[in-house]
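Right, one structure below, let's go through it.
Just so it is clear, none of the values below were taken in a lab; they were calculated from the coordinates. Since we're looking at a predicted model, the values are computed, not measured. All Cβ positions, glycine included, derive from the backbone under ideal geometry; neighbour counts span all protein chains shown.
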Amino acid sequence: MLILGIESSCDETAAAMVEDGVRVRSSVVASQHELHRTYRGVVPEIASRAHLERILPVIHEAAREAGCELRDLDAVAAGIRPGLIGSLLVGTSAAKGLAWALDRPFLGVDHVEAHLFAGLLESTPPPWPALGLVVSGGHTSLFHWSGGRLRRLGRTIDDAAGEAFDKAAAMLGIPHPGGPGLERMAHGGDAAAVRLPRAMLGRESLDFSFSGLKTAFRLAVLAAGDAGDPAADVVAVGSTLANSTKSDLAASFERTVVETIVAKCVRALELAEQAGNPFRSLVLGGGVVANTSLRQAMLALADEADLEARLPPPRWCLDNAAMIAAAAHARAVDGDQDDLAIPAEPLSAWS
Amino acid sequence: MSPLRRVLAIELSGRVGSVALRDEHGAVVERSFSPGDRTREPLLPEIDALLRAASTQRDGLSAVAVSVGPGGFTGLRISIAAAKGIAAALGIATVPVPTAIACAESARSSAAVAGDRVLVVLASKRGTAWLHRVRLDSGAPSGWRDVAPPGIWSRQQLESDRGWQDLAGDAVFADAHQDRDIIDWLESKGGAVVAGGSPPPTATATLVVGERLLAAGSSLPPEELLPLYPREPEAVTLWRGRTATTAERGS
């Protein structure tokens, strides 16, 4: 079964052709990072204008790379939530138009769920149940995944980890998107240089919180720059710090986020064990999973807990359409499809 | 006799959406609908119902004509992206129809306008509006020829431009959401505001204009179909204003 996936939830226009839910015949991503860099963040109106310009060239490129025609498709899928609504509408409407004109099923996919399917691309299914972890710019959530059914165990109650990465990066003068830049800055830094808080939210909680960390990091940057006024322009202070100081701050921040996430996963494993239904695998997804420190820590955890790990390669951690097609396949094989009237929505079913 | 060229027309730039198509006898079939909300996005189901009503198969379509604005961003994104998908799948062309031309055609065909000149007011925002002044001209590709280049105007700019001082004979097409100050000024210069507001642009008008443009060779590959943006993104304007202020403070 060949499915065209389309993704346009934020600032990447993407299309992919995926066969039988796992074989990626093509995956094309047109990034808009350059368009938004000036504004230090994604500008929704600029993003949706760019999606309209790029959506068909990206789809045609995906078909060309896959060596197939649009009429060869068995279904068309699009990420319909969550995201910037003006951006989602472009990919969703184009996908519906294609599906209708080709007389093929249309499947709307939740982007957060799709991130978990990225870990299964070009791979074999893991033993179930899996502890699923999605860590991205918009979401940080833990799931119990039995293969078919997904049940949320915890989520961030304020900022997502990726958002915290981007904000911390901005405080150090690292341009958008800041997460990868902060990781590079952290390389060689002393991760113990600055003590930052790890929000655990109670012994039993599997929820996350990163807003306090963000505030603490801001104060740490100001202190490092000897800025006495807590209301000082943190970007101005952080940008002028010595590179070694920036590296120490970045490494400390990165370690804090990684340790917080690992601690929550450990707790989830313990709770499942106590309940007599232990996890047998660990499936990760989301842009922050491209972070090397997090990957190493999660692989170490999987090894220690004797879990099979499924980590997508970095290119499939970021927003892409292959994961959309893979998530759609799981439903399409059962003959499921969505009505063409299904709307795009800004929030995930898992928000 | 040449086979009928079946153009699917989509109008989703305003507060009422519609789709239109000719049936096998050449009669126009139109379906109008409320634009979507959080629970339902009706465009594709309406298109599907339209083709059934017009006894037309998907692969019988020759082109997709779309009202491209200025207008509501949400509707334009949905209609243009869907048109791109349909046209790409069927390997057919798209025809961008300026919404102002569709408005002029709608007004003319509904007998709301008797003369041959129409001044369409759209996309009002913060004391400015998109003005498109056209006159009937069977020699023009769309059937309408620009009297002046369309663009964004404020009342102050209109007052200081000689081209806008005599609007006698112009029907001013503006709905209740357009800038009152600008409309009053256009009326003071002789423009006849269409009584009781204006009929919304319809997919039938988009179809008629689209067919003319297609016959004149004014079609586009679907990759090139884009909305007609009256202004730059607001965030860009705000950013420019902020950086200019910062520069002034620094100098």
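Does anyone have the angle between helix B:99-109 and the longest principal axis of chain B? Alpha-carbon axes, 0 to 90°, nearest 10?
Orientation of helix B:99-109: about 70 degrees from the principal axis.
How many percent of DSSP beta bridges within segment A:128-311 run antiparallel, rounded to 5?
In segment A:128-311, DSSP labels about 55 percent of beta bridges as antiparallel.
In nm, to one decimal, how far is the modelled label at B:Ala235 from the one at A:Ser205, with both set 7 Å along Cα→Cβ?
Those two pseudo-labels are separated by 3.1 nm.
Show the residues, 5+ positions off or on another chain, whose built amide H is closer than 5 Å to the amide H of B:Ser124.
Excluding prolines and chain starts, which carry no amide H, the hits are B:Trp130, B:Asp179.
Relative contact order (percent) for chain B, with alpha-carbon contacts under 8 angstrom and 6 or more residues of separation?
Relative contact order for chain B comes out at 23 percent.
Hey, how much of the P(r) for segment B:80-165 falls beyond 20 Å, as a percent of Cα pairs?
Everything past 20 Å amounts to 48 percent.
Assuming R0 = 30 Å, can you tell me the calculated FRET efficiency for the pair A:Arg64 and B:Ser55, based on Cβ-Cβ distance, to the nearest 0.05?
Using R0 = 30 Å, I get an efficiency of 0.25.
Count charges around A:Arg310 for me, please; just the other residues with Cβ under 13 Å from its Cβ, Lys/Arg as +1, Asp/Glu as -1.
It works out to a net charge of 0.
Using the Cα centre of the protein assembly as shown as the reference point, and only Cβ charges (+1 on K/R, -1 on D/E), how large is the resulting charge dipole? Debye, rounded to the nearest 20.
Its charge dipole is roughly 540 debye.
Can you tell me the orientation of helix B:203-215 relative to chain B, as the angle in degrees between its alpha-carbon axis and the longest Cα principal axis, to the nearest 10?
Taking Cα atoms only, the helix is inclined about 80 degrees.
Determine the alpha carbon to alpha carbon distance for each of A:Lys167/B:Lys84; A:Lys96/A:Lys167; A:Lys167/A:Lys264 and list only those over 27 Å.
Check vs 27 Å cut-off fails for A:Lys167/B:Lys84; A:Lys96/A:Lys167.
Checking the a/c ratio against 1.5 first, then a/b against b/c, what shape does the Cα gyration tensor give for chain A?
Taking the square roots of the gyration eigenvalues as a ≥ b ≥ c, chain A is oblate.
Taking the mean number of other Cβ atoms within 10 Å as a proxy for protection, how do you rank B:38-51, A:231-244, B:85-98 from highest to lowest?
Sorting B:38-51, A:231-244, B:85-98 by mean packing, highest first, produces B:85-98, B:38-51, A:231-244.
Put +1 on the Cβ of each Lys and Arg and -1 on the Cβ of each Asp and Glu in segment B:100-193; which of B:Gly115, B:Pro150, B:Cys103 then has its Cα farthest toward the positive end of the dipole?
Positive-end residue among those listed: B:Pro150.
With both partners inside segment B:100-193, how many of the DSSP beta bridges are antiparallel, as a percent to the nearest 5?
70
Contour minus end-to-end for A:Asp74 and A:Leu347, with contour as 0.36 nm per residue of separation and end-to-end as the Cα-Cα distance?
That pair, A:Asp74 and A:Leu347, stretches by 95.5 nm at full extension.
Can you tell me the dipole magnitude for segment A:128-311 around its Cα centre, using point charges on the Cβ only (Lys, Arg +1; Asp, Glu -1), in Debye to the nearest 20?
Value, rounded to 20: 420 debye.
Show that you can apply the helix-only estimate: for chain B, add -39,500 (n - 2.57) for every DSSP H stretch of four or more residues, divide by all residues, and state [θ] at 222 nm to the nearest 500.
-10500 deg cm²/dmol
Would you be so kind as to identify which of A:Val29, A:Ala224, A:Pro126 lies farthest towards the positive end of the dipole of chain A, taking Lys and Arg as +1 and Asp and Glu as -1 on Cβ and the Cα centre as origin?
Towards the positive end, the residue furthest out is A:Ala224.
Quick one: which residues, 5+ away or cross-chain, put their amide H under 5 Å from the amide H of A:Gly154? H built at 1.01 Å from N.
Those lying under 5 Å, H to H, from A:Gly154 are A:Leu142.
As an exercise, use a Förster radius of 41 Å and the Cβ-Cβ distance of A:Arg40 and A:Arg315 to find the FRET efficiency, rounded to the nearest 0.05.
Approximately 0.95, to the nearest 0.05.
For q values of 0.11 Å⁻¹, compute log₁₀ I(q)/I(0) with the Debye formula on a Cα-only model of chain B, without solvent.
So the normalised log intensities work out to -0.61.
Suppose a student asked you for the relative contact order of segment A:114-257, using Cα pairs under 8 Å spaced at least 6 residues apart; what percent would you report?
In percent, rounded to a whole number, it is 24.
How many nm separate the modelled label positions at B:Asp166 and A:Arg198, each set 7 Å beyond the Cα in the direction of the Cβ?
Output for this residue pair reads 8.2 nm.
For segment B:51-108, compute Rh as the Kirkwood radius over C-alpha pairs and then the Stokes-Einstein diffusion coefficient at 20 °C and 1.002 mPa s; write the answer in µm²/s, rounded to an integer.
The diffusion coefficient I find is 172 µm²/s.
Given the rule -39500 (n - 2.57) for each run of at least 4 DSSP H residues, summed and divided by the residues of chain A, what is its mean residue ellipticity at 222 nm, to the nearest 500 deg cm²/dmol?
-14000 deg cm²/dmol
What is the dipole size for chain A, taken about its Cα centre, with +1 at each Lys and Arg Cβ and -1 at each Asp and Glu Cβ, in debye to the nearest 20?
Using Cβ point charges on Lys, Arg, Asp and Glu, chain A gives about 380 debye.
Cα centroids of segment B:3-40 and segment A:229-295: how far apart, whole angstrom?
51
What does the structure give for B:231-237 when I average, per residue, the other chain Cβ atoms found within 10 Å of the residue Cβ?
Per residue, the number of nearby Cβ atoms from other chains is 4 on average.
Let me know the volume per residue of the alpha-carbon convex hull for the protein assembly as shown, in Å³.
So the per-residue hull volume is 171 Å³.
So for chain A, averaging the separation of alpha carbon pairs under 8 Å that are six or more residues apart and normalising by length, what relative contact order in percent results?
Result for chain A is 25 percent.
Calculated FRET efficiency, B:Arg145 and B:Ser32, Cβ-Cβ r, R0 41 Å, to nearest 0.05?
So, using R0 = 41 Å, E works out to roughly 0.90.
Tell me which residues come under 5 Å, amide H to amide H, from A:Leu107 once H is placed; ignore anything under 5 positions away on its chain.
A:Val76, A:Ala77, A:Ala78, A:Asp338
Distance in nm between label sites at B:Ser154 and A:Ala223, each 7 Å beyond Cα in the beta-carbon direction?
Reported label-point gap for B:Ser154 and A:Ala223 is 5.0 nm.
Compute the acute angle (0 to 90°) between the alpha-carbon long axis of helix A:85-102 and the principal axis of greatest extent of the alpha-carbon atoms of chain A; round to the nearest 10°.
Roughly 20 degrees between the two axes.
Which percent, nearest 5, of DSSP beta bridges in chain B are antiparallel?
If I count the DSSP bridges inside chain B, around 60 percent turn out antiparallel.
Using the Karplus curve 6.51 cos²θ - 1.76 cosθ + 1.60 with θ = phi - 60°, what ³J(HN,Hα) values do you get for each residue of segment A:123-140, in whole Hz, with x for Gly and Pro?
Working through the residues one at a time gives 9, 9, x, x, x, 9, x, 10, 8, x, 10, 10, 10, 9, x, x, 9, 9 Hz.
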